[in-house]
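Contents: one structure, followed by commentary.
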Amino acid sequence: YLMSLLTIAQAVADYTGFERPTSVVGNTDPIARQLLAFINRQGKQLMRANNWPILLKEHTFNTVNGTQSYALPTDFDRSLDGTVYNRTDTDQMTGPITPQQYALDRYGTAASGTTQKFRFKASSNALKFDITPTPTSAESLGYEYVSSHWNQTSGGTSQAAMAADTDIGILDETLIEMGVTWMFKQAHGLTYDEDFRQYQLELRQSISRAGGAPVISLDDARRLTVSPYSYNLPDSGYGAV
């Protein structure tokens, strides 16, 4: 079943032998406030621990003639390598490039090349998607990224931190509970070694289960998608005289 912020906090309190809180958000009790802080810290750490499929999103936007920098999604945490494409000309963009590569492309060459490159560059105190050479027309670009929103309200609105007792996790709440348990016990001088070991084991298992994995073939990979009797056909040109 889905665990809420309150039920996660109560489970940790029950497990560690502390009095369970009847509320968390707005509660002035030090234990309740500490549990809230640990739950939000653990959620953020888990979000950054893996490219969880449930947190993957796609962002598309259109370029504007003469505009070099573009805003990132409000819940952007990090991009996925190899997913940035100019979808108008079906060409993969190069990047993210380093500041040195960016400077060379912008200022160290007599003329801009034809291959679009990108980097994440600060502008007006915000990280932007920066393109070089500067676009000269309207084109559709897109990429996948990891969302920083690891939880949601009871109404389904995703967010980066739990702010109400009824908020629920997008990431696995049991994993959050296990992480908060060892952190809470450590903070109170209790033995937490076994709790930490179990948490690390569960985390590794959760990462290995997330999204599945591709089949790795030691033979011709085409055997996975075509008849086993025709796996040695060439990619093109067969049947030609």
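The values are calculated or read from the model by the stated rules, or taken from the named source; none is laboratory data. Since the structure is predicted, the reported quantities are computational estimates derived from the model, not experimental observations. Note: ideal-geometry Cβ built from the backbone for every residue, glycine included; neighbour counts use all protein chains shown. Remember, those area values only see protein heavy atoms, side chains included, never the ligands or the DNA or RNA. Shrake-Rupley method; radii C 1.70, N 1.55, O 1.52, S 1.80 Å.
Checked against (1) farther than 27 Å from G17 by Cα; (2) surrounded by 10 or more Cβ atoms within 10 Å (Cβ to Cβ); (3) at pLDDT 70 or above, S217 passes all but condition (3). Of everything in segment 96-150 that is aliphatic (A, V, I, L, M) and touching a residue at least 40 places away in the same chain (Cβ under 8 Å), the residue that is farthest from T60 (Cα to Cα) is A126.
Per-residue answers, yes or no, for (1) surrounded by 19 or more Cβ atoms within 10 Å (Cβ to Cβ); (2) out of contact with any strand residue (DSSP E or B) (no Cβ under 6 Å at 6 or more places or on another chain); (3) modelled with pLDDT of 95 or more; (4) more than 20 Å from I8 (Cβ to Cβ):
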position: T136; (1), (2), (3), (4): no, yes, no, yes
position: G142; (1), (2), (3), (4): no, no, yes, yes
position: N151; (1), (2), (3), (4): yes, no, yes, no
position: T157; (1), (2), (3), (4): no, yes, yes, no
position: D165; (1), (2), (3), (4): yes, yes, yes, no
position: E173; (1), (2), (3), (4): yes, yes, yes, no
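N125 satisfies every condition listed in (1) open to solvent by 50 Å² or more (accessible area, probe 1.4 Å); (2) over 27 Å from L55 (Cα atoms) except (2). Being of a type in the set (G, A, S), surrounded by fewer than 19 Cβ atoms within 10 Å (Cβ to Cβ) and without any contact (Cβ under 8 Å) to a residue 60 or more places away in the chain: is that true of A32 here? In short, no. Starting from residues that are small (G, A, S) and assigned to a helix (DSSP H, G or I), keep the ones in segment 128-187 and report whichever is farthest from the chain's Cα centre (by Cα). Selected residue: A187.
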